[in-house]
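Below you'll find the structure, written out as structure tokens, and then a few comments.
The values are calculated or read from the model by the stated rules, or taken from the named source; none is laboratory data. Quick caveat, the model's predicted, so the values are computed rather than measured. Positions of Cβ are backbone-derived with ideal geometry, glycine not excepted, and every protein chain shown enters the neighbour counts. Keep in mind that these areas ignore ligands, DNA and RNA; they rest on the heavy atoms of the full protein, side chains included. Shrake-Rupley method; radii C 1.70, N 1.55, O 1.52, S 1.80 Å.
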Amino acid sequence: MRRRGGCLCGAVRFETRFAMGPVTACHCGQCRRQTGSYAAATPVPWDAIELNGEPRWYRSSETGRRGFCGTCGSYLFWEEGDGLAYVMAGALDGETGLSMDAHIFYADRGDYVRPADGLPCYAAERSGPEVNP
């Protein structure tokens with residue numbers, strides 16, 4: 001299935017035919033500051049993405065960087081050098097058919113977030129302990 005997406009102003013567009021998996025909500029402090037709440041992303045191999053336009057990159061840690069439009073500021077990608085682009089679900093065009101599978105770094109969430117979706121909430125990484133929302 002072909003999926004397209006891009007930024008608010010259209011300067012950066014992307015397309016993939018990769019079968020996207022579930023969306024994960026990340027509540028870490030960096031994602032919270034980047035988005036104003038939490039990031040909702042799905043992994044896609046970089047070699048399965050065709051870019052039209054060049055995102056700007058911000059190195060947010062020793063292993064991670066965040067891709068965004070240099071014109072409108074839309075947050076598009078997160079990567080940690082593992083060959084995957086974590087595509088922001090909100091950057092996809094139209095209906096996605098995707099569903100969320102979990103909340104990670106829930107211990108760092110904004111105090112205004114109280115998901116009632118029944119999904120697992122992990123204090124930090126998905127491999128760590130679950131917490132009650």
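Which of the trypsin sites (Lys or Arg not before Pro) found in segment 1-87 are in a DSSP loop and have at most 12 neighbouring Cβ atoms, other than their own, within 10 Å?
On the way: sites: 2, 3, 4, 13, 17, 32, 33, 56, 59, 65, 66; in loops: 2, 17.
The qualifying sites are 2, 17.
Computed on protein heavy atoms with a 1.4 Å probe, the accessible areas place 63, 16 in the order 63, 16, largest first. Report, to the nearest whole %, how much of the accessible area of segment 9-66 belongs to carbon and sulfur atoms, 1.4 Å probe, protein only. Solvent-exposed carbon and sulfur of segment 9-66 make up 46 percent of the total. For Cα extents along the principal axes in Å, computed directly from the structure shown, the correct entry in (1) 41, 30, 27; (2) 38, 31, 27; (3) 40, 35, 26 is (1).
Using helices alone, I'd like the mean residue ellipticity at 222 nm for the chain: each DSSP H run of four-plus residues gives -39500 (n - 2.57), total over residue count, nearest 500.
Mean residue ellipticity, 222 nm, calculated: -1500 deg cm²/dmol.
Computed over protein heavy atoms with a 1.4 Å probe, the accessible surface of the chain works out to 56 Å² per residue.
Between segment 101-120 and segment 1-21, the alpha-carbon centres lie 26 Å apart.
For the chain, what's the relative contact order in percent, using C-alpha pairs closer than 8 Å and at least 6 residues apart?
Over the chain, the number comes to 26 percent.
Expressed as a whole percentage, what fraction of the accessible surface of segment 67-133 belongs to carbon and sulfur atoms when a 1.4 Å probe is rolled over the protein heavy atoms? That share works out to 49 percent.
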